[in-house]
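Right, one structure below, let's go through it.
The values are calculated or read from the model by the stated rules, or taken from the named source; none is laboratory data. Predicted model, so just to flag it, every value in this text is computed and none were measured. Ideal geometry is used to build each Cβ from the backbone, glycine not excepted, and the neighbour counts take in all protein chains shown.
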Amino acid sequence: MLKLLVLLQLTATSMYDDLRRTRHDERGSVTTEHVLWAVAVIAIVGIVVAAVTSYVTSQAGKIK
């Protein structure tokens, strides 16, 4: 799980760096940054929800 989070963070960071290097004009840079952060947060929340759901489901199966 940690490896996946690190991979997502590195991907987002490299995408941000690539966008920053190729862009010559600064219009929309704040919007781009906000969108990248929103995508990263949504991905992290999705991973956490999936992990918690999986854990709760496995624990519920053990109830007799």
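Here Leu19 meets each of (1) out of contact with any Leu (no Cβ under 7 Å at 6 or more places or on another chain); (2) at pLDDT 90 or above; (3) surrounded by 10 or more Cβ atoms within 10 Å (Cβ to Cβ) with one exception, condition (2). Taking residues in the stretch 43-54 that are among the small types (Gly, Ala, Ser), and partners anywhere that are exposed (fewer than 11 other Cβ atoms within 10 Å of the Cβ), the pairs with Cβ atoms closer than 8 Å and at least 6 places apart or on different chains are Ala51/Met1.
For the stretch 46-64, taking the residues that are of a type in the set (A, V, I, L, M) and more than 15 Å from Met1 (Cβ to Cβ), the one that is modelled with the highest pLDDT is identified as Val56.
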